[in-house]
Amino acid sequence: MGEGNHESIGVQAPHGRSAGRPSAVRGCVGMGDTLPDRDKAGTGEGAHLGSRPAPDHGPNRTPDPAADLADDLAANLASGAAVLHGVAAPDAHRPMAAAAWMVGSILSFSAMAIATRAVKDRHEVFEVLAYRSLVGLVLVVALAFALGRAGRIRARRLPGHLARNSVHFCGTALWFWAVTQIPLAQVFALEFTSPLWVILLSPLFLGERLRPARLAAAGLGFIGILLVAQPDFADPEPGVMAAAASAVFFAATMILTKRLTREEDLFSILFWLALIQSVFGLVLALHDGAMVLPDAQSAPWLALIGFCGIGAHLCLTRALSLAPASFVGPVDFMRLPIIALIGAAFYDEPLTLGLAFGAALILMANVWSLGFEKRSAGKPVL
C-alpha cells in the first residue's frame, strides 16, 4: 500500500524485447517489489499474468539512464509509493477494465491499513510483519506450483536479494508503524512521494543527470509534503517522520530491484522476499524472548494483511496490462481521498485543506515528472 511491501505479480515480456533495457514491476505494501521481464523472446518463458509490448530500441541501442529511469518513474507512479517500475504501454487499451482492477487494488491497500489498526493493540509491528510475510510465503509457493513456475525459484543472487529486502523491510516497518501513529491520509500522501525520491537518488546510484525539470517536479512535491505533514520543526512528530522515511526506503528499494530483476524471475524475487522478511520479522519479534500468537480476533486480520499484500499488486499489475501507467497512476491516487474518508468515518481523523492541497501538489509533481520523462525518452505521453 502503498506500503513498502509491494509483492507484485508480473507481466509478460514481449517477444523481441531488447535485453539492453530491462524493466520490472514494483511494489510495497508498499512499496518496492518488482517483477522481471528479461525472459527469452519467443519461448514463452516470460509468461506472467498480463502482457504488454515494449518499444523496439534496436540491437544497437545506446544505454540511456534517463530513458530507463523514465520507465521506472512511470510505473512507480502507478503504485504510488510503493514501487512499480518500468512498465511500458500495454498491448490492449481497455481503461474501464483497468479501472475495475484498480478498484480491487485500492480496496486491498485500504483493507491492509484498516487491518493493521485492528491488531495494533495485540501485536507489535515486527509481529505483524512476520505473520504477513509467512502468509505471503504460503501464497507465493502455492501460486508457483499451481502455475508450474516453482523451478524458477533459485538461489543464485542471494546477496542481491538480501540487500534489497533489508532496505525494503526497513521501509515496510516504518510504514506499518506510521499507520498506527498518524492519520491514514497522511501516511498514504507521504508514501506517494517515492517517485520524487527516485529523482533525487538516481544521480547517486544510477549515474543519472539531475535535470532542471526533474528538480522542479521534486521541489513541487516537497512543498506538498510540507502541506500534508505540517511539521513542527522544533518538535517533529515521530509518525510523520516514519512515513516520510518509508518513502525514501521504498525509492531505494526500487533502485536496488532494477538491477536484481535483470536476471531473476518473478517467483524467485517474491519467494526470497517473503522468506527473508519472514526471518527478519521473526528475529525482531522475538528480540525480547516472546512473541504473541494470533488469537481468534487477530488471526483473520493478520491473514487479511498477508492476502492483501499479494492481492493489491496482482490487481495493480493486471491493470497495467490493460492501460498505460499514465492512466493507472492517477486512478491509484484515488486511494488517498478514499483512505481519508475511511479515517474520518471510523477513526475521527480530521480532513484539512492542507492535506487536500498538499496531496494535489504531490499528484501534480508525479504527473509532471511522468510527462517529462516520457518526452525526454522520445515517447508520446500516453
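The values are calculated or read from the model by the stated rules, or taken from the named source; none is laboratory data. Worth saying up front: this structure is predicted, and the values here are computed from it rather than measured. For neighbour counting, all protein chains shown are included, and Cβ atoms are generated from backbone atoms with ideal geometry for every residue, glycine included.
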Problem - Sole residue being outside any loop (DSSP other than H, G, I, E, B) and either surrounded by fewer than 17 Cβ atoms within 10 Å (Cβ to Cβ) or charged (D, E, K, R) (or both), chosen from Leu134, Leu107, Leu139 - result: Leu107
Practice task
Kindly indicate the residue of segment 167-201 that is within 16 Å of the chain's Cα centre (by Cα) and not in a helix (DSSP H, G or I) and also farthest from Ala216 (Cα to Cα) among those meeting that condition.
Solution key: Phe192
Exercise for the section: Please verify whether segment 322-332 includes one or more residues that are surrounded by fewer than 20 Cβ atoms within 10 Å (Cβ to Cβ), modelled with pLDDT of 80 or more and closer than 22 Å to Met102 by Cβ. Expected result: no
Exercise for the section: Take Ala247 and decide whether it is surrounded by 20 or more Cβ atoms within 10 Å (Cβ to Cβ), of a type in the set (A, V, I, L, M) and within 18 Å of Phe333 (Cβ to Cβ). Expected result: yes
Problem - Residue satisfying condition, being out of contact with any strand residue (DSSP E or B) (no Cβ under 8 Å at 6 or more places or on another chain) and modelled with pLDDT of 90 or more, within set Ala173, Ala189 - result: Ala173
Problem - Close pairs from segment 299-310: first under 9 Å from Val119 (Cβ atoms), partner part of a helix (DSSP H, G or I), Cβ under 6 Å, at least 6 apart - result: Trp301/Ala115; Trp301/Ala118; Trp301/Val119; Leu302/Tyr131; Ile305/Met112; Ile305/Ala115; Ile305/Arg132
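Can you tell me which residue within segment 267-321, out of those that are small (Gly, Ala, Ser) and in contact with a Gly (Cβ under 9 Å, 6 or more places away or on another chain), is surrounded by the fewest Cβ atoms within 10 Å (Cβ to Cβ)?
Step one: of segment 267-321, the residues small (Gly, Ala, Ser) are 268, 274, 278, 281, 285, 289-290, 296, 298-299, 303, 306, 309, 311-312, 319, 321.
Remaining after also requiring in contact with a Gly (Cβ under 9 Å, 6 or more places away or on another chain): 274, 278, 306, 309, 311-312, 319, 321.
Working: Ala274: 27, Ser278: 19, Gly306: 24, Gly309: 30, Gly311: 21, Ala312: 33, Ala319: 28, Ser321: 25.
The residue in question is Ser278.
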Practice task
With the checklist (1) over 22 Å from Ile362 (Cβ atoms); (2) in contact with a Lys or Arg (Cβ under 8 Å, 6 or more places away or on another chain) in hand, flag the one item Ser133 doesn't pass.
Solution key: (2)
Handout entry: Close pairs (9 angstrom Cβ cut-off, 6 or more residues apart or separate chains): basic (Lys, Arg) in segment 359-380, at pLDDT 65 or above and surrounded by fewer than 17 Cβ atoms within 10 Å (Cβ to Cβ) anywhere
Key = none
Exercise for the section: Identify the residue in segment 202-261 that is within 18 Å of Val179 (Cβ to Cβ), in a helix (DSSP H, G or I) and over 17 Å from the mean Cα position of the chain (by Cα) and, among all such residues, is modelled with the lowest pLDDT. Expected result: Ala229
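Considering only segment 359-368, I want to know if a residue exists there that is within 24 Å of Arg117 (Cα to Cα) and at pLDDT 75 or above. Can you show your working first?
Step one: filter segment 359-368 for residues within 24 Å of Arg117 (Cα to Cα), giving 359.
From what's left, at pLDDT 75 or above: 359.
Yes, the conditions are met somewhere in segment 359-368.
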Problem - Verdict on Pro330 being in a helix (DSSP H, G or I), touching a helix residue (DSSP H, G or I) at 6+ places or on another chain (Cβ under 9 Å) and under 14 Å from Met112 (Cα atoms) - result: no
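Please find, among Val198, Val228, Val187, Val179, the residue that is under 18 Å from Leu355 (Cβ atoms), β-branched (Val, Ile, Thr) and out of contact with any Gly (no Cβ under 8 Å at 6 or more places or on another chain). Give the steps one after another, and end with the answer.
Details: Val198 fails: under 18 Å from Leu355 (Cβ atoms); Val228 fails: out of contact with any Gly (no Cβ under 8 Å at 6 or more places or on another chain); Val187 fails: out of contact with any Gly (no Cβ under 8 Å at 6 or more places or on another chain).
So the residue among Val198, Val228, Val187, Val179 that is under 18 Å from Leu355 (Cβ atoms), β-branched (Val, Ile, Thr) and out of contact with any Gly (no Cβ under 8 Å at 6 or more places or on another chain) is Val179.
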